[in-house]
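Notes follow once the structure below has been shown.
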Amino acid sequence: YSTHMVGKWDVGMATQDHHPKARGYDSWLGYWHHSNDYWTHEEGKCKLGTEPMRDLWRYNATHDGPAFDLANGKHCSQNNQSPKGGGEGEDIEEERCVYEEQVFRDEAINIVRRHARQQRRGEAERPRKERFMAPKSDINADTT
C-alpha cells in the first residue's frame with residue numbers, strides 16, 4: 001500500500017515516534033495542533049517570541065517541514081479573501097489567499113491523480129493499492 005493523509009494530525013508531536021512517517025504514512029499535508037486559523041494557519045504565539053506560530057506542514061519523499069509554499073499572504077483573512085499586498089511605495093499585487101480546506105482538497109486530488117498516472121504508466125512493479133485519510137476539520141465552521 002501507499003498511504004497518504006491530509007488534514008488535522010492531532011495524535012501527538014512530542015517525539016519522532018509521533019510523526020506521520022513513524023505511523024506509516026508516505027505523505028502528509030496538515031497541521032499538528034488541535035486547531036489553527038484556516039486562513040493564516042496560525043496557532044497561538046511561541047513562548048520565546050512575538051511572532052505567531054504557523055501550523056501547516058508537509059511530509060513526503062522530498063520534504064519534511066513547514067509548507068511555506070502554501071502560506072497565504074499576510075493580509076489574507078476571513079474578512080479579506082482577495083487581499084492586495086505591498087506597503088507604501090511598493091507595487092500592489094494580489095496575495096495568495098486560499099482557504100485551508102481547499103488546500104487540503106487540492107492535495108487530495110493531486111495524490112489520487114498521481115497514483116492513477118503511475119498505475120497507467122506501469123511505474124509500479126505491480127499495481128499498488130492506496131490508503132488515504134482526510135479528516136474533515138471544518139465541520140463546525142461558520143459558512144454564513
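The values are calculated or read from the model by the stated rules, or taken from the named source; none is laboratory data. Since this is a predicted model, take the numbers as computed values, not measurements. Glycine gets a Cβ as well: all are built from the backbone with ideal geometry, and neighbour counts include every protein chain shown. Ligands, DNA and RNA are excluded from the accessible area calculation, which covers all protein heavy atoms including side chains. Shrake-Rupley method; radii C 1.70, N 1.55, O 1.52, S 1.80 Å.
Quick rundown of the values:
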quantity: All positions within the stretch 1-21 that are assigned to a loop (DSSP other than H, G, I, E, B) and open to solvent by 60 Å² or more (accessible area, probe 1.4 Å); calculated: TYR1, VAL11, MET13, ALA14, THR15, LYS21
quantity: Scope the stretch 23-57; condition open to solvent by 60 Å² or more (accessible area, probe 1.4 Å) and either more than 20 Å from PHE104 (Cα to Cα) or in a loop (DSSP other than H, G, I, E, B) (or both); matching residues; calculated: ARG23, ASP26, HIS34, SER35, ASP37, LYS45, LYS47, LEU48, THR50, GLU51
quantity: Some residue of the stretch 60-69 being at pLDDT 90 or above, in a loop (DSSP other than H, G, I, E, B) and open to solvent by less than 60 Å² (accessible area, probe 1.4 Å); calculated: yes
quantity: Residue pairs meeting the criteria (Cβ under 6 Å; at least 6 apart or on separate chains; first hydroxyl-bearing (Ser, Thr, Tyr), in the stretch 91-117; second open to solvent by less than 80 Å² (accessible area, probe 1.4 Å) and not in a helix (DSSP H, G or I)); calculated: TYR99/TYR38
quantity: Single residue of the stretch 75-91 satisfying the filter (surrounded by 10 or more Cβ atoms within 10 Å (Cβ to Cβ) and over 13 Å from TYR38 (Cα atoms)) that is modelled with the lowest pLDDT; calculated: GLY86
quantity: Considering residues of the stretch 38-76 that are in contact (Cβ under 8 Å) with a residue 40 or more places away in the chain and over 11 Å from the mean Cα position of the chain (by Cα) only, the residue nearest to SER27 (Cα to Cα); calculated: ASP64
